[in-house]
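Take a look at the structure below.
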Amino acid sequence: MQKIPSVRQGLAFRGHDESKNSENRGNFRELLQWLAGNFGEVNKVVLENAPANCQMIDHKIQKQLIASCAHETTKFIIEELGDECFAILADESSDAYQQQQLALCLCFVNKIGEPIERFLGFVHVEDTTSLTLKEAIKSLLIKYQLHLAKVRGQGYDGASNMKGHVNGLKQLIMEESSSAYYVHCFAHQLQLTLVAVAKENTDCAWFFGQLAYLLNVLGMSCKKIRMLRIAQAEYMIEALKLGDIETGQGLNQEMGLARPGDTYWGSHYRIVIHVMSLYPFIKKVLFRVGKESKGAEAIGAQTMLEVFESFEFVFLLHSMNEIFGHTNDLCNALQRREQDVVNAMDLLEFTKVELDILREDYGWKEFLQKVTSFCVKHNVKVIDLDAKYKPIQRARKFYKDAFNYHRFHADMFLGVIDRQLQELNNRFDEVNTELLRCMASFSPTNCFSAFNIESLVKLAGFYPHDFTSEEMNQLPFQLNRYFSDVSTNESFTNLKSLADLSKMLVTIQKIVRYDLIYKLLKLVLVLPVATAGVERIFSSMNYIKNMLRSKMGQEYLNDCLVPFIEREFFLQVKDKDIITYFQNMERRKVVL
């Protein structure tokens, strides 16, 4: 069967017209026809040359074949998990048919000490109440002989039905597994801080309001979008002739303008850097539209051009670029599959330090120099900071006695940075919990400088079902030996994360000697940082179940997704295992 390419690639099996005279009989039959036409041995046993009751092209047979592939793929995942504890990552979203789906991923440490996420399945839910979600998760776990008692971590996006302290999903799960600690998705929290700054700071709200108006002016027709593209292309041609830019793969890519979304990680930063990069081209297009168009279209472009060429707009554009730029590395790091909680906490603290440095006097002077240079380059009038403030597109009576220095330095620059720092502290209040502070003692960075035996013993106390009283008494002594060993062993000198530490312990075969420490380390590693893995699942779902395949049944959808998402395991599945499972699904007239 060669792993059925249609399943591996997530393609539709069925064709709109599968009759013999059809010119497009669907992916499955067309691929089969191609194989038969190019390989004589295949042609002898398929389609018209196969027994009438064993052609394997019926829709029911196709579904059973896909189900067999999904079953054997999931079997690999369950075998890899073994008897280990795990964390659950869950999120809900609607599919192309507007049915509410709950996606469930498992996070655990594999045989080589690597923390990984694996897709377990989709469950259709009638509503998104916490009790319904809990029963859906429980039913899916039971289906694969997994139990809530083995759950040691929960990762959700922070909706009230998920994180509620009384009747939220996290509380309901913890009632069955007291050590199933919940972490609000760090990446989602970070996005909330960016959105809060963009919407709740008056100057930022004005700036993003102007960006929205700019997108309306430029995005109303294909003609304007084409004008922007032509302006970019003309600049590229001229710059290449002058040698101002270099050529190469991935360089000088065409940029577009997309609206920022409250749930799209990094979207606010992306629109800012695109507007900054496209500034001269946007300016050129606005001028042309304002001059050549008529009526409301011309007025809109002329009004926007006045704002766009103002020092205030350029200043806020650079301000957002600086602040969002400092948080963007953190945002990207939080979405990596191998990220652990301790490393994420370190990155968060480092981001706060960078923002603190930015608000110092030399940070302000360096920033102001960047803005001034940009204005000079693009013929934007630089204001006198000692003069009185004159607002753009806002009533002057609200700023009667304001001076430029105070408005731009205190209100716009320091005010936005302080608000970002305040939001980071408020949103990430959970990183100050005792549990996560104790976990930080495991960090291998800087030659295990954060190592603390007392904290790690206290950490083990958070998992009473995983450590017996005898093991708790033995743990301090093992920690002493462990620290003396790893702090002087060259193999552990350049480790940067807990995942690196875990893999190294397995590689040099120290997990037997330090079995209690490795058990505790695995409990730390399964605690989820972000739900980015679940978000990727929904992207895959939209590829499988789309507008042309919107009425797929629940079981069929799940069976199609498992081999497509977990293709690493699907490729390891043996054809004979798929055939055996398929053969045993029901009584067959022909033995394969």
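Just give me the residues in the range 410-441 being hydrophobic (A, V, I, L, M, F, W, C) and under 18 Å from residue 350 (Cβ atoms), in sequence order.
To start, the set of residues in the range 410-441 that are hydrophobic (A, V, I, L, M, F, W, C) comprises 410, 412-414, 416-417, 421, 424, 428, 431, 435-436, 438-440.
Selection gives 417, 421, 424, 428, 431, 436, 439, 440.
Just checking, does the range 497-506 include any residue being farther than 19 Å from residue 450 by Cα and acidic (Asp, Glu)? Quick ask: steps written out before the conclusion?
Residues of the range 497-506 that are farther than 19 Å from residue 450 by Cα, as a first pass: 503, 506.
If we keep only those that are acidic (Asp, Glu) too, we end up with none.
Checked the range 497-506: no residue is farther than 19 Å from residue 450 by Cα and acidic (Asp, Glu).
Checking residue 25 against (1) charged (D, E, K, R); (2) in contact with a helix residue (DSSP H, G or I) (Cβ under 8 Å, 6 or more places away or on another chain); (3) closer than 30 Å to residue 151 by Cα, which single condition isn't satisfied?
All conditions are met except number (3).
Grab the helices (runs of 4 or more DSSP H) fully contained in the range 121-234, keeping just those with 1 or more residues being among the β-branched types (Val, Ile, Thr).
Details: elements: 130-143, 160-163, 169-176, 186-200, 202-218.
Correct list: 130-143, 169-176, 186-200, 202-218.
Output the residues belonging to the range 422-449 that are farther than 22 Å from residue 152 by Cα, surrounded by 17 or more Cβ atoms within 10 Å (Cβ to Cβ) and of a type outside the set (Lys, Arg).
Taking the range 422-449 first, the residues farther than 22 Å from residue 152 by Cα are 422-427, 444-449.
Those still in the list that are surrounded by 17 or more Cβ atoms within 10 Å (Cβ to Cβ) too: 423-424, 427, 444-445, 448.
Matches in the range 422-449: 423, 424, 444, 445, 448.
Does residue 208 satisfy the criteria of being assigned by TED's automatic domain parsing to the domain that holds residue 336 and in contact (Cβ under 8 Å) with a residue 12 or more places away in the chain? Explain how you work it out, then say what you get.
On the way: assigned by TED's automatic domain parsing to the domain that holds residue 336: yes; in contact (Cβ under 8 Å) with a residue 12 or more places away in the chain: yes.
When the stated conditions are applied, residue 208 passes them.
Can you name the condition, by its number, that residue 86 falls short on among (1) within 22 Å of residue 548 (Cα to Cα); (2) surrounded by 20 or more Cβ atoms within 10 Å (Cβ to Cβ)?
(1)
Of all residues in the range 442-466, which are free of Cβ contacts under 8 Å to residues at least 24 places away in the same chain and either of a type in the set (Val, Ile, Thr) or closer than 14 Å to residue 519 by Cα (or both)? Explain how you work it out, then say what you get.
Let us first name the residues in the range 442-466 that are free of Cβ contacts under 8 Å to residues at least 24 places away in the same chain, namely 446, 449-450, 452, 454-455, 457, 461.
Matches in the range 442-466: 457, 461.
Could you check residue 6 against (1) in a helix (DSSP H, G or I); (2) modelled with pLDDT under 75; (3) surrounded by fewer than 16 Cβ atoms within 10 Å (Cβ to Cβ) and say which number it fails?
(3)
Can you pull out the helices (runs of 4 or more DSSP H) entirely within the range 500-581 that have at least 2 residues that are farther than 28 Å from residue 97 by Cβ and under 25 Å from the mean Cα position of the chain (by Cα)? Full working, then the answer.
Details: elements: 515-525, 532-544, 554-565, 567-570.
Filter on the range 500-581 gives 515-525.
Conditions: (1) buried (at least 22 other Cβ atoms within 10 Å of the Cβ); (2) touching a strand residue (DSSP E or B) at 6+ places or on another chain (Cβ under 7 Å). Residue 186 meets all but one. Number of the miss?
All conditions are met except number (2).
Looking only at the range 205-224, count how many residues are surrounded by 13 or more Cβ atoms within 10 Å (Cβ to Cβ) and either more than 26 Å from residue 412 (Cα to Cα) or touching a His at 6+ places or on another chain (Cβ under 6 Å) (or both).
4
Within the range 90-105, can you find the residues that are under 12 Å from residue 537 (Cβ atoms) and of a type outside the set (S, T, N, Q)?
Kept after step one, since they are under 12 Å from residue 537 (Cβ atoms), are these residues of the range 90-105: 90-93, 95, 101-105.
Scanning the range 90-105 gives 90, 91, 92, 95, 102, 103, 104, 105.
Of the residues that make up the range 69-82, is at least one more than 30 Å from residue 162 (Cβ to Cβ) and either touching an Asp or Glu at 6+ places or on another chain (Cβ under 6 Å) or buried (at least 20 other Cβ atoms within 10 Å of the Cβ) (or both)?
Yes, the conditions are met somewhere in the range 69-82.
From the list 411, 418, 429, 386, exactly one residue is on the phi < 0 side of the Ramachandran plot and either in contact with a strand residue (DSSP E or B) (Cβ under 6 Å, 6 or more places away or on another chain) or without any contact (Cβ under 8 Å) to a residue 12 or more places away in the chain (or both). Which is it? Walk me through it before giving the result.
Working: 411 fails: either in contact with a strand residue (DSSP E or B) (Cβ under 6 Å, 6 or more places away or on another chain) or without any contact (Cβ under 8 Å) to a residue 12 or more places away in the chain (or both); 418 fails: either in contact with a strand residue (DSSP E or B) (Cβ under 6 Å, 6 or more places away or on another chain) or without any contact (Cβ under 8 Å) to a residue 12 or more places away in the chain (or both); 386 fails: either in contact with a strand residue (DSSP E or B) (Cβ under 6 Å, 6 or more places away or on another chain) or without any contact (Cβ under 8 Å) to a residue 12 or more places away in the chain (or both).
Every option except 429 fails the conditions.
On the basis of being aliphatic (A, V, I, L, M), crowded, with 17+ Cβ neighbours inside 10 Å and within 16 Å of residue 226 (Cα to Cα), does residue 271 make the cut? Steps first, answer last, please.
Working: aliphatic (A, V, I, L, M): yes; crowded, with 17+ Cβ neighbours inside 10 Å: yes; within 16 Å of residue 226 (Cα to Cα): no.
Criteria not met by residue 271.
Table: residues versus (1) under 30 Å from residue 117 (Cα atoms); (2) surrounded by fewer than 20 Cβ atoms within 10 Å (Cβ to Cβ); (3) among the aliphatic types (A, V, I, L, M).
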site	(1), (2), (3)
312	no, no, no
315	no, no, no
321	no, yes, no
331	yes, no, no
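Going by the structure shown, is residue 57 of a type outside the set (Lys, Arg) and at pLDDT 85 or above? Break it down stepwise before answering.
Numbers: of a type outside the set (Lys, Arg): yes; at pLDDT 85 or above: no.
No; evaluated as a whole, the condition is false for this residue.
Out of the residues in the range 344-371 meeting the condition of being in contact with a Leu (Cβ under 7 Å, 6 or more places away or on another chain) and closer than 30 Å to residue 442 by Cα, tell me which one is surrounded by the most Cβ atoms within 10 Å (Cβ to Cβ).
The residue in question is 344.
Which ones in the range 467-487 are surrounded by 12 or more Cβ atoms within 10 Å (Cβ to Cβ) and without any contact (Cβ under 8 Å) to a residue 40 or more places away in the chain?
Passing the criteria: 472, 476, 478, 479, 481, 482, 483, 485.
Filter the range 195-205 down to residues that are among the small types (Gly, Ala, Ser) and either touching a residue at least 40 places away in the same chain (Cβ under 8 Å) or not assigned by TED's automatic domain parsing to the domain that holds residue 303 (or both) and give me whichever is farthest from residue 323 (Cα to Cα). Quick ask: steps written out before the conclusion?
Taking the range 195-205 as the starting set, the residues that turn out to be among the small types (Gly, Ala, Ser) are 196, 198, 205.
Narrowing the set further to residues that are either touching a residue at least 40 places away in the same chain (Cβ under 8 Å) or not assigned by TED's automatic domain parsing to the domain that holds residue 303 (or both) leaves 196, 198.
On the way: 196: 13, 198: 11 Å.
Checked the range 195-205; the qualifying residue farthest from residue 323 (Cα to Cα) is 196.
For the structure I just gave you, tell me whether residue 514 is touching a Lys or Arg at 6+ places or on another chain (Cβ under 8 Å), over 28 Å from residue 121 (Cβ atoms) and hydroxyl-bearing (Ser, Thr, Tyr).
Numbers: touching a Lys or Arg at 6+ places or on another chain (Cβ under 8 Å): yes; over 28 Å from residue 121 (Cβ atoms): yes; hydroxyl-bearing (Ser, Thr, Tyr): yes.
Judged against the criteria, residue 514 is a match.
The values are calculated or read from the model by the stated rules, or taken from the named source; none is laboratory data. The shown structure was predicted, so the numbers you read here are calculated from the model rather than taken from an experiment. We place every Cβ from the backbone using ideal geometry, glycine too, and count neighbours over all the protein chains shown.
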